[in-house]
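Read through the structure below, which is laid out as structure tokens, and then see the notes.
The values are calculated or read from the model by the stated rules, or taken from the named source; none is laboratory data. Everything quoted here is computed from the prediction, not taken from an experiment. Virtual Cβ from ideal backbone geometry, glycine too; neighbours counted across all protein chains shown.
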Amino acid sequence: MKKWTTASAPAGGDTAIYGTFGELLGGILMRRGITTLDAAQKFFGGGGLSDPFLMNDMESAVEIIRDALDSGKKITIYGDYDCDGTTATAILYSYLQAMGAEVDCYIPESAEGYGMNIPALERIVNGGTELVITVDNGITAIDEAKFLKDKNVELVITDHHQPGAELPVCGACVDPNRLDDISPCKDLCGAGVALKLLIALEGDEEFVMDTFAHLAAVGTIGDVMPLKGENRYIVKRGIMNIRNEQNAGLTELLRSASRSVQNVTATDIAFCVCPRINAARRLDSPQKALRLLLCEDDAETARTIAEQLSELNNKRRSEENRMLSEIEQYIAQNPLVVKQRVIVLSGAGWHRGIIGIVCSRLLEKYDKPVVIISIDGDEAVGSMRSIEGFSAHRMLMFCERCLKKYGGHTGAGGFTLNTSRIAEFTECIHDYAKLYYPKMPDVALYADMETTLSALDLESVKRLPLLEPFGTSNPTPLFLIRECVVTSKRSLKDGKYTSFEVKQGNVSMRCISFKLPFAEFFAEIGEKIDIIASAEINEYNGNESVQLRIADYRPSCFREDKFFAAKRVYEEICRGEGCDPRLAPRVIPQNRGQLMTAYDVIRRENGRKTPEQLAVFGGMENFCMLKVTLDAFEQAGMIEYVNGAPKVVPVQGKRDLLQSGIIANLKQQFAVGRA
């Protein structure tokens, strides 16, 4: 369950937007902050790139690198092991090699951790390197920079992460997020910074974009950077390069994922290319992904490596599913874990390279910040993914006394700690959340605008792809459509997917979902539902029509404010935080009739609906009382949960649930509260 949020058109925007782009596309632009024709023209025109020399220290970086090229110095590129760092390394390595440089590159293995480390630098220096250039790391490498300075090795840092209070001492430090940097685009990824370094070195933006924009596009998408401004331009140009098959590695990687190279989208890159590149460092070595990206025209080698990366990605999925299964079994036995404000889990044998992905999966399921800790002997490594409004980095700062090392940003973080301190760390997390977030932020599903089926006409929907490429900060447009009557429904792919028809006024439209199994589509024919969906063109037998791709749906009468309030109260009770005694009649079943009503609904549904689905689609509107009742039934052995859904279990004899167990304990707690 997510809170539905719909954007409003800002006051004072240029109404000519609507005249030029129509009510639908114009409405989306206005709600996304593009409120003038000039801003719209820049958005659709791509805007180009700003002068790379606006970035602080870019001139020094160019001078040092050109001197190394002219002097024949050995150069080593020090990259990072994720998708962004790997593509950035490939960009700079390919260019310097083409310039005739004696160039090497180093990407640390996952076990070495993020950023430069001195043992690796010792090997690099001993190998004769006279200049180290970092990509996608280095902005906080104070000790490592000092090490290189003491060894008389020059250092140029290119990074995009947030700097600390002190910058490393080096020949040049290029980072758009330096406090003294005046360049306009602060959202470049590491590959984007490397691309602009090449433009500064070459002096020919068009040549660099034609040669390397595809690698920078993959890095930008892989690092989940906002697709607006310069990033949008980089990704648009990069997708053109990929469609023209300018890189054999990316071409074969797409083919191994059964994606059309000629019709590749940013979504294909996000879900098919980037996970395969990251799978190399998670389960093998990032060097394998780098070799693939450097196969510019060697199709045979590229095909072999692409198949290996696809197999690694399959193994990653398998390991991910194994971990999720183990975690869900633990949660079933310890349900309080997911009733906390922050979900914290730890276990031995969990793959360090997978825990971040598992965090994301659990966040998607439970709509809460998730921390997962992998235990390996006396040391543990953790990862965190968070929700909007709850900063992962601030939480880790609060708990830093428990940690050996940590880092991150608002949405994600990583850390190491001694295994002996996991319990203390977990308690510290819960203390922080309770202190600063007595009411946790609700996870929202954002719709660009509320509209009608009649407004989603063929001509208007055909304009929507002009907004591509879609991604972070420029998502696929979603629309809220209310009071739609379900007129038909059917299963697709043996029930794996769902298709249904809705009608609003005189307009009917087909809806489809590839995420919703037909067995979990609970709307009945004739029922009114509200929908959040994207709109797309469906072609069949030469005919075009608009269809909706469903993001979420609910009965039109559903009151989400009551649901979220009741859920919050229930979890507060479970955590032992108490409750306002005046809410007792809304929390505790007061008579046998209320219990029987819930029992009859559960028996009728027979394990078909989860408690949340019972609240939304089963008529059990008071979610808090429903959960208390289900807890009482489960304690008495009257129900069991199958895949999260309650199912009646035959029992002998009668149970007086009102005078014993959970309900009786709650009555006593509320009585104490009133006293």
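For region 138-165, the set of residues classified as in a loop (DSSP other than H, G, I, E, B) and surrounded by fewer than 23 Cβ atoms within 10 Å (Cβ to Cβ) consists of 140, 151, 152, 153, 161, 162, 163, 164, 165, listed by residue number.
Please tell me if residue 325 is in contact with a strand residue (DSSP E or B) (Cβ under 9 Å, 6 or more places away or on another chain), under 30 Å from residue 379 (Cα atoms) and polar (S, T, N, Q). So residue 325 does not fit the description; no.
Residues that are in a loop (DSSP other than H, G, I, E, B), free of Cβ contacts under 8 Å to residues at least 12 places away in the same chain and surrounded by fewer than 23 Cβ atoms within 10 Å (Cβ to Cβ) do occur in region 203-218. Is it the case that residue 38 is crowded, with 19+ Cβ neighbours inside 10 Å and either part of a strand (DSSP E or B) or of a type in the set (Asp, Glu) (or both)? So residue 38 fails the test.
Failed condition for residue 609, given (1) in contact (Cβ under 8 Å) with a residue 40 or more places away in the chain; (2) part of a helix (DSSP H, G or I); (3) of a type outside the set (A, V, I, L, M), with all others met? Here residue 609 meets the rest and fails (2). Residue count for region 40-66, restricted to those that are small (Gly, Ala, Ser) and modelled with pLDDT of 90 or more: 4. In this structure, residue 468 does not qualify as acidic (Asp, Glu) and at pLDDT 95 or above.
Of the residues examined, residue 422 is not one that is assigned to a strand (DSSP E or B), surrounded by 15 or more Cβ atoms within 10 Å (Cβ to Cβ) and modelled with pLDDT of 95 or more.
Here is the figure for region 275-302: residues that are charged (D, E, K, R) and modelled with pLDDT of 95 or more total 3. Does residue 237 fit the bill of being in contact with a His (Cβ under 9 Å, 6 or more places away or on another chain) and basic (Lys, Arg)? Yes; evaluated as a whole, the condition is true for this residue. Evaluating residue 435 against the criteria (1) of a type in the set (A, V, I, L, M, F, W, C); (2) modelled with pLDDT of 95 or more; (3) surrounded by 15 or more Cβ atoms within 10 Å (Cβ to Cβ) leaves one unmet condition, (3).
Take region 291-306 and flag every residue that is in contact (Cβ under 8 Å) with a residue 60 or more places away in the chain and either under 17 Å from the mean Cα position of the chain (by Cα) or surrounded by fewer than 24 Cβ atoms within 10 Å (Cβ to Cβ) (or both). Of everything in region 291-306, those that are in contact (Cβ under 8 Å) with a residue 60 or more places away in the chain and either under 17 Å from the mean Cα position of the chain (by Cα) or surrounded by fewer than 24 Cβ atoms within 10 Å (Cβ to Cβ) (or both) turn out to be 294, 296. Exactly one residue out of 309, 283 is more than 24 Å from residue 225 (Cα to Cα), within 22 Å of the chain's Cα centre (by Cα) and of a type in the set (A, V, I, L, M): that is 283. For region 181-197, the set of residues classified as part of a loop (DSSP other than H, G, I, E, B) and more than 14 Å from residue 139 (Cα to Cα) consists of 182, 183, 184, 185, 186, 187, 188, listed by residue number. Annotation: of all residues in region 373-392 being without any contact (Cβ under 8 Å) to a residue 40 or more places away in the chain and under 16 Å from the mean Cα position of the chain (by Cα), the one that is farthest from residue 281 (Cα to Cα) is 391. When region 274-306 is filtered for residues that are more than 20 Å from residue 353 (Cα to Cα) and not in a helix (DSSP H, G or I), the ones remaining, listed by number, are 294, 295, 296, 297, 298.
Of all residues in region 37-71, which are closer than 30 Å to residue 21 by Cβ and in contact with a Lys or Arg (Cβ under 8 Å, 6 or more places away or on another chain)? Passing the criteria: 43, 46, 47, 49. Pairs, please: C-beta under 7 Å, at least 6 apart or cross-chain, first residue of a type outside the set (Asp, Glu) and in region 34-50, second modelled with pLDDT under 90 and surrounded by 14 or more Cβ atoms within 10 Å (Cβ to Cβ)? Note: pairs meeting the criteria are 34/43; 35/13; 35/14; 36/14; 37/14. For beta carbons closer than 8 Å, sequence separation of 6+ or different chains, a first residue in region 184-201 that is touching a residue at least 24 places away in the same chain (Cβ under 8 Å) and crowded, with 24+ Cβ neighbours inside 10 Å and a second that is in a helix (DSSP H, G or I) and of a type in the set (Lys, Arg), the qualifying pairs are 188/196. If you filter region 81-133 down to residues that are aromatic (Phe, Trp, Tyr) and part of a helix (DSSP H, G or I), you find that the one that is surrounded by the most Cβ atoms within 10 Å (Cβ to Cβ) is 93. Is it the case that region 15-34 has a residue that's surrounded by fewer than 19 Cβ atoms within 10 Å (Cβ to Cβ), hydroxyl-bearing (Ser, Thr, Tyr), not assigned by TED's automatic domain parsing to the domain that holds residue 357 and not in a helix (DSSP H, G or I)? Looking for residues that are surrounded by fewer than 19 Cβ atoms within 10 Å (Cβ to Cβ), hydroxyl-bearing (Ser, Thr, Tyr), not assigned by TED's automatic domain parsing to the domain that holds residue 357 and not in a helix (DSSP H, G or I), one finds at least one in region 15-34, hence yes.
Test residue 8 against the criterion of being among the hydroxyl-bearing types (Ser, Thr, Tyr), out of contact with any Phe, Trp or Tyr (no Cβ under 9 Å at 6 or more places or on another chain) and either within 17 Å of residue 173 (Cα to Cα) or not assigned by TED's automatic domain parsing to the domain that holds residue 478 (or both), and give yes or no. For residue 8, the condition - among the hydroxyl-bearing types (Ser, Thr, Tyr), out of contact with any Phe, Trp or Tyr (no Cβ under 9 Å at 6 or more places or on another chain) and either within 17 Å of residue 173 (Cα to Cα) or not assigned by TED's automatic domain parsing to the domain that holds residue 478 (or both) - is not met.
For beta carbons closer than 8 Å, sequence separation of 6+ or different chains, a first residue in region 423-440 that is acidic (Asp, Glu) and a second that is surrounded by 15 or more Cβ atoms within 10 Å (Cβ to Cβ) and part of a helix (DSSP H, G or I), the qualifying pairs are 424/402.
Condition check ((1) over 25 Å from the mean Cα position of the chain (by Cα); (2) not assigned by TED's automatic domain parsing to the domain that holds residue 191; (3) not in a loop (DSSP other than H, G, I, E, B)) across all residues:
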position: 224; (1), (2), (3): no, no, no
position: 245; (1), (2), (3): yes, yes, no
position: 250; (1), (2), (3): no, yes, yes
position: 261; (1), (2), (3): no, yes, no
position: 270; (1), (2), (3): no, yes, yes
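Return a yes/no flag: does region 568-577 have any residue that is in contact with an Asp or Glu (Cβ under 7 Å, 6 or more places away or on another chain), surrounded by 12 or more Cβ atoms within 10 Å (Cβ to Cβ) and not in a strand (DSSP E or B). The answer is no; no qualifying residue exists.
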